[in-house]
Amino acid sequence: MVMAGRRILITGATDGLGRALAFALAADGDTLIVHGRDPARVAALVEELKAIRPEVAGCVADFTSLDAIRGMAGDLVERRRLDVLVNNAGLGMGGARSETPDGFEAVFQVNCIAGDLLARLCLPLLRRGDDPRVVNVASAAQAPLSFADLQMTNGWSGPFAYGRSKLAQVMSSMDLAERFGDSGVAVNALHPASLMPTKLVIGLFEPASTLGDGVRAVRHLIDLERRRSGEYFSGLTPARAHEQAYDPVARKALRDWLDTHAPSGRGGH
């Protein structure tokens, strides 16, 4: 039986999959914290959700700023506990290479660094949660990392940058599952569905799945009754990620890089 009344944080909740997921979970009776980078859009979403579930709050942070992520996590402390963190915010593969104010390639920061840092910062809240878990919304579009040029200063392309960021997100998920193991917090990653009609897809590809397909896949990991951690799913099914995700040397290299360049202030825990 799925427990109602969980406290769930969804990042990137103002449109696409995150928005559809928020309405589905609100209808289930969950208490939501919805994140976005635009204050007006977050406020509008909160008002819409309150018509379904009054217990909803919003938080605003631009994930191209690590300080903004740290500030958002600090504000969450007053919530006392968190049962589920859904790292859904992301950048697509369009446009040209850009760097964030922190000096990192933007797609890599938003899709990997931000969610990893937020999970580490939220660990004290998750530890107090009921059957806590982190669900990282990744993608099947994964490309291998080159640690000689992790920020893709040479040979940048949108699809390759996106694929590398999503493999890094999967690798980070597997690593955090190990690091969080003693805390009881499960961490999993998934490819929710192929080419859903979201802003990351529209204008570049013909949609091949519905938002409902993606919502069902994310809810499957949120609702799993038997605890699983450190896994990668495609839709509702356990799947095999890119081979580099299972290389302990590569995962350690990524973890060392993340701990060095985006420290949580808690030794990564």
What list of ³J(HN,Hα) values in whole Hz, one per residue of the range 112-121 in order, does the Karplus curve 6.51 cos²θ - 1.76 cosθ + 1.60 (θ = phi - 60°) give from phi, with Gly and Pro shown as x?
-> 10, 4, 4, x, 5, 4, 4, 4, 5, 5
Can you list the HN-Hα couplings for the range 238-251, worked out from phi with the Karplus curve (6.51, -1.76, 1.60; θ = phi - 60°), rounded to whole Hz and with x for Gly and Pro?
-> x, 9, 9, 7, 4, 4, 5, 5, 9, 8, x, 5, 5, 5
Highest mean first, what order results for 139-150, 122-133, 24-35, 161-172 on Cβ atoms within 10 Å?
-> 161-172, 24-35, 122-133, 139-150
Report the local net charge at residue 80: Lys and Arg +1, Asp and Glu -1, summed over other residues whose C-beta lies under 10 Å from its C-beta.
-> +3
Viscosity 1.306 mPa s, temperature 10 °C, Stokes-Einstein D of the chain from Kirkwood C-alpha radius, µm²/s | 87
Please state the relative contact order of the chain as a whole percent: Cα pairs under 8 Å, 6+ residues apart?
-> 18
With no solvent and one point on each alpha carbon, what is the Debye value of log10 I(q)/I(0) for the range 4-107 at q = 0.13, 0.17, 0.21 Å⁻¹?
-> -0.47, -0.77, -1.09
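Any read-out appearing in this document is the output of simple, stated calculations on the displayed coordinates, not a laboratory observation. Predicted, not measured: the structure shown is a model, and the values here were computed from it. All Cβ positions, even for glycine, are placed from backbone atoms using ideal geometry, and neighbour counts span all protein chains on display.
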